[in-house]
Amino acid sequence: MEFREAIIQENLNVIKDILIHEPNKVEEVWEGRKVPFHAAATGNLMVMRYLVEYSRASFNETDNRNRTTLHYAVEAGKLPLVQYLTERVGLSPVYGDENMVTPYQLAYEKAKDTTLAPEERANYQEIEDYFAGYCGARFQDMYQNPILRGMHPDPSIIRVGEDYYMVNSSFIFFPCIPISHSKDLIHWELIGHAITNPEWAENLNTLEGGRGYWAPDISYNKGRFYITATFRLNDDGTVYRKQMVTSSDKPEGPYCEPVYLEEDGIDPSIFTDDDGRRYMVLNRGARIFEISADGKEKLSDAELLYYGDYKRAPEGSHLLKKDGWYYLFEAEGGTGIGHRITVSRSRTLKGVYQPCPYNPIMRQMDEKGVLQRCGHGKPVCTQNGEWYIVYLCVRQRGKEFPQIGRETALDPITWTADGWPLINNGDGPSVLQKKPNLPEWIPPEDKEPYVTPRVPGKGTIQISEKEIILCSCHASLSTTEARSILVRRQKETSSTLEVMVEIPQTLMPGEEFGITGYYDENTYLTFGPRCMEGGYKIGIKEHIGDTDKVQYYNTKEILPGTKLGIKMVTEGIRRSFYIKLEGFEWDFVATLDQVDYICDEGWHIGKRFTGPMEGIYACTEGEERIIHFGRF
């Protein structure tokens, strides 16, 4: 009997005999998986015990979908094997595969699958019940990271009463600095922006992509909300960074006209001490200076509190005072692989700060884990005395480029007996985690908001309940002058953008409009009608650096005055394109297999700190005119 057949037929005697004489056979790969995964799929506890306890198999490995043997044991529906792998081998019920599916989720979904026989569902229900006891929560009482999806980097959070407020970086996108609200830390609603007045954001208009407003912080003092952020300029002058401060008596705004403090550095946060004096903390390391009560004036020179524990790229500093200690949280290691959170503390505000013996208190140590590049966190205490921290992360499948940008995750903090904070017990970022002990809150349904790269020209973009109007712009999307672009964050690796556009009644050669997959002016694609001398043709343009690659396609005739459906389907770095004339079905046009240039690391030009966006655009070489789009 062959070894593979012995595994499938669960013939332990033959398995033993073969491995005694050929121990390396346990390393064989069939269908992308090593032997232990096939054994786990049978659900046979005795076979798996032999492989664990007597063979050369390693159980820190995952299959080609980043699944552990516990995933396969769950699918087999055998509780004894699930218990053994969980309790004796130490495999986690909340370890996510490449799609962030955990063994616990598998058990939950199969127990609810009405297409299965009742006895099968009962087996999965047993496993789900076991995981509920092991994890301390039913599956429906768990949450999955990230909690804010799509481009939401550099989170900062506060609690006021029973309400939580969070801000994230917006870079050159307008309106600037999104403000989100929650009551349970899991579900979030966008309630406003820190800068919504176009006149106050005109300083974005000449900035290159990836610059603008970096790493905002939100704080609360004496009935007023304060938001500060670094304003990052281009590298063509002598001043590269300033610190913006604005405030409002309402969390959603409107906020007052921003002021800019002349202090170099990034990632500012505001700390108010017990005596009412207020300070700004920013990098490099953690430097501190006093500010006025309204945050509009700098009252002292900056001085270094502590450079950081890891001592590479220390930034993202936040101060917390608790139990007579000043705790200094810092992001270190750079924003790529190795990003982390460290903490130090002092009995006095200005030190000396001593590093935590458990540092880094957050870092992804599992190179195969889906959540990577975790750091830049700020803690918050619930009204029930529980501690949590929000931090940035990326979802990364194997060695592929992160395709969504940096997002916001949440994990619990526990405090050690000697007074140090530990995030998620030091286990790194969690895929599946127990919900905070807060009443569940479901926010109003809210679609992903529209934003524009820089400030649109007056009247350039008009949005109503039924349609969106763009006034075509003379500037190409490859310039900072482009203004007729309306986009939203791409939230998942798979998405569909579909919009209807009215073809103008008259031809204007050189005019183009349609949909765009947009990262910045350096890398993007466009898809839609181009007006040529002989009429409209459907084209795809890929803009990468200084290169434009344009391909036109033969499709059904597109007549002036008709309505045209345009669709882009995204699956990872693969994008497919479709059109349809009003009253007809969708026609496939083309597929691009390697759209990695709309990823953080897919192209190295400029500041790659944002994330993929998708939306509509219009530009022309001739007279500017109105283009009517449906909402998307």
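The values are calculated or read from the model by the stated rules, or taken from the named source; none is laboratory data. This structure is a prediction, so every number in the text was calculated from the model and none was measured. When we count neighbours, we look across all protein chains shown, and the Cβ atoms used for this are built from the backbone with ideal geometry, even at glycine. Note: areas computed on protein heavy atoms with side chains; ligands, DNA, RNA excluded. Shrake-Rupley method; radii C 1.70, N 1.55, O 1.52, S 1.80 Å.
Here are the numbers:
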{"item": "Index of the failed condition, Gly398 passing every other in (1) surrounded by fewer than 21 Cβ atoms within 10 Å (Cβ to Cβ); (2) at positive phi; (3) free of Cβ contacts under 8 Å to residues at least 40 places away in the same chain", "result": "(3)"}
{"item": "Qualifying residue in the stretch 68-91 (condition: at pLDDT below 95 and open to solvent by 50 Å² or more (accessible area, probe 1.4 Å))", "result": "no"}
{"item": "Filter result for Val370 (surrounded by 16 or more Cβ atoms within 10 Å (Cβ to Cβ) and more than 18 Å from the chain's Cα centre (by Cα))", "result": "no"}
{"item": "Any hit, the stretch 339-349, residues being in a strand (DSSP E or B) and open to solvent by 40 Å² or more (accessible area, probe 1.4 Å)", "result": "no"}
{"item": "Enumeration of residues in the stretch 390-410 that are modelled with pLDDT of 95 or more, among the β-branched types (Val, Ile, Thr) and in a loop (DSSP other than H, G, I, E, B)", "result": "none"}
{"item": "Count of the stretch 580-593 residues which are at pLDDT below 95 and either closer than 21 Å to Gln490 by Cα or part of a strand (DSSP E or B) (or both)", "result": "1"}
{"item": "Residues (open to solvent by 10 Å² or more (accessible area, probe 1.4 Å) and small (Gly, Ala, Ser)) located in the stretch 282-333", "result": "Ser292, Ala293, Ser300, Ala302, Ala313, Gly324"}
{"item": "Neighbours by Cβ (under 8 Å, 6+ apart or cross-chain): first from the stretch 130-142, over 17 Å from Met100 (Cβ atoms) and surrounded by fewer than 17 Cβ atoms within 10 Å (Cβ to Cβ); second modelled with pLDDT of 95 or more and hydrophobic (A, V, I, L, M, F, W, C)", "result": "Arg138/Ala132"}
{"item": "Number of the exception - Met500 against (1) open to solvent by 10 Å² or more (accessible area, probe 1.4 Å); (2) under 16 Å from Ile627 (Cα atoms); (3) part of a loop (DSSP other than H, G, I, E, B); (4) of a type outside the set (Ser, Thr, Tyr)", "result": "(3)"}
{"item": "Qualifying residues in the stretch 92-123 (those that are touching a helix residue (DSSP H, G or I) at 6+ places or on another chain (Cβ under 6 Å) and basic (Lys, Arg)) - the one surrounded by the fewest Cβ atoms within 10 Å (Cβ to Cβ)", "result": "Arg121"}
{"item": "Check on Thr496, farther than 22 Å from Ile461 by Cβ and polar (S, T, N, Q)", "result": "yes"}
{"item": "Residue count for the stretch 554-579, restricted to those that are part of a strand (DSSP E or B), open to solvent by 50 Å² or more (accessible area, probe 1.4 Å) and more than 17 Å from Tyr524 (Cβ to Cβ)", "result": "3"}
{"item": "Listing of strands (runs of 3 or more DSSP E) fully contained in the stretch 160-261 that carry 2 or more residues being more than 19 Å from Met280 (Cα to Cα) and under 25 Å from the mean Cα position of the chain (by Cα)", "result": "163-167, 176-182, 189-195"}
{"item": "In the stretch 117-137, the residues that are within 18 Å of Gln83 (Cβ to Cβ), assigned to a helix (DSSP H, G or I) and out of contact with any Phe, Trp or Tyr (no Cβ under 6 Å at 6 or more places or on another chain)", "result": "Ala122, Asn123, Tyr124, Gln125, Glu126, Ile127, Asp129, Tyr130, Ala132, Gly133, Tyr134, Cys135"}
{"item": "Top-ranked residue of the stretch 448-457 - restricted to ones that are in contact (Cβ under 8 Å) with a residue 40 or more places away in the chain and of a type outside the set (A, V, I, L, M), ranked as surrounded by the fewest Cβ atoms within 10 Å (Cβ to Cβ)", "result": "Pro449"}
{"item": "Qualifying helices (runs of 4 or more DSSP H) (wholly inside the stretch 1-82; at least 1 residues being polar (S, T, N, Q))", "result": "12-21, 35-42, 69-76"}
{"item": "Leading residue by the ranking (modelled with the lowest pLDDT) among those in the stretch 1-21 that are open to solvent by 70 Å² or more (accessible area, probe 1.4 Å) and touching a helix residue (DSSP H, G or I) at 6+ places or on another chain (Cβ under 8 Å)", "result": "Met1"}
{"item": "All positions within the stretch 594-606 that are open to solvent by 40 Å² or more (accessible area, probe 1.4 Å), on the phi < 0 side of the Ramachandran plot and either in a strand (DSSP E or B) or touching a residue at least 60 places away in the same chain (Cβ under 8 Å) (or both)", "result": "Glu601, Trp603, Ile605"}
